[in-house]
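First the structure, in the form of structure tokens, and then the observations on it.
Bear in mind that the values in this text are calculations on the coordinates, not laboratory data. Note that the structure is predicted; figures quoted are calculated from it, not measured. A quick note on method: Cβ atoms are made from the backbone with ideal geometry, for glycine too, and the neighbour counts reach across all protein chains shown.
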Amino acid sequence: MEEAFEGIVRDYQDKIFRLAFSLMGERAAAEEIAQDVLVRVWKGLPGFRGASSLSTWIYSITRNCCLSALHRAPPRTVSLDDAAPRHAAERHAAAAWSIPEPPGAAALLNRLPARYRAAAALFYMEDQSYEEVSRLLDLPLGTVKTYLFQARKMLAEELVRERVPKGGA
Amino acid sequence: MPCPDFEELVREGRAGHAAQCAECRDLLEALEAVNAAFDAAFRGVAAPPAVAAGARARIARESCLRRPSPVPEILDFIGWAATLTAAALLLPRFLPQLEELLARLG
């Protein structure tokens, strides 16, 4: 059991941390969640019968831990599209991003609707693999591609709009 | 020439329509800036060592708490020891009477 657990720590701790970081929006919270997930995995390992793959099981524990944590803590900021009725997971992912460096990335992410943020951050953490983002967030591949396309288009257009007045002045 | 949609513009890159259109060139530049900012912020993000260390420490603490208490085992041992001692003390006292009873019946 201990060997199996150490193998999981070795193989999955980075994935768990990155998924938690993408959903929570800050390192300290992601660290805490990742620890919690590893403890839950250790407790659940004797009962794990392989009904789903090990990675699916671990990622679902991570997502659930993040959603519970986001439920407990109210969002630090309210995004512009909070008024619209949205999926629970998207609503709970409304916490603003807080990362120390570079400042541009957090500012950019915070402009995105909540449902795009985790996908966008995770895409760059996972070496731009759509498949990996789809697996980690448990979203269809097509949805991930759409989210990322929309997110990048939105941000690029916004940056261009911001540059125009500066150029004209 | 009309501007292509965003997807096509990205596919073509700077050498395509953007080479003649300043607006589309700006959009591509902005996209590159977005990519660069996210790449710098998120590439190679890994779990800090504190994650695994903290989890192991919590597991060790919880293992200690969940270790079964030895008290029931000790009480069980004392009970059996008392029963056997009582049997060893009482049996010689009743043995002659038992033998007599068996002889009368036999």
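A few notes on this one:
- Relative packing of B:89-99, A:151-161, which averages over residues the other C-beta atoms within 10 Å, highest first: A:151-161, B:89-99
- Taking every residue in A:155-162 and counting other chain Cβ atoms within 10 Å of its Cβ, the average works out to 6.
- Remark: chain B projects, on average over all directions, an area of 18.4 nm² (convex hull of Cα atoms).
- Residues with amide H under 5 Å from that of residue A:97, placed H, sequence gap 5 or more: A:110
- Peptide ranges A:53-62, A:26-35 listed from the most packed, as the mean C-beta count within 10 angstrom indicates: A:26-35, A:53-62
- Volume per residue of the C-alpha convex hull in region A:1-77, rounded to whole Å³: 85
- Using R0 = 25 Å, the C-beta based FRET efficiency linking residue A:2 and residue A:40 works out to 0.95.
- Normalised by 2.2 N^0.38 Å, with N the number of residues, the alpha-carbon radius of gyration of the protein assembly as shown equals 1.70.
- Using the Cβ-Cβ distance between residue B:39 and residue A:27 with R0 set to 22 Å, the FRET efficiency from 1/(1 + (r/R0)^6) comes to roughly 0.80.
- Protection proxy ranking of B:5-15, A:13-23, by the mean of other Cβ atoms within 10 Å over each peptide's residues and highest first, is A:13-23, B:5-15.
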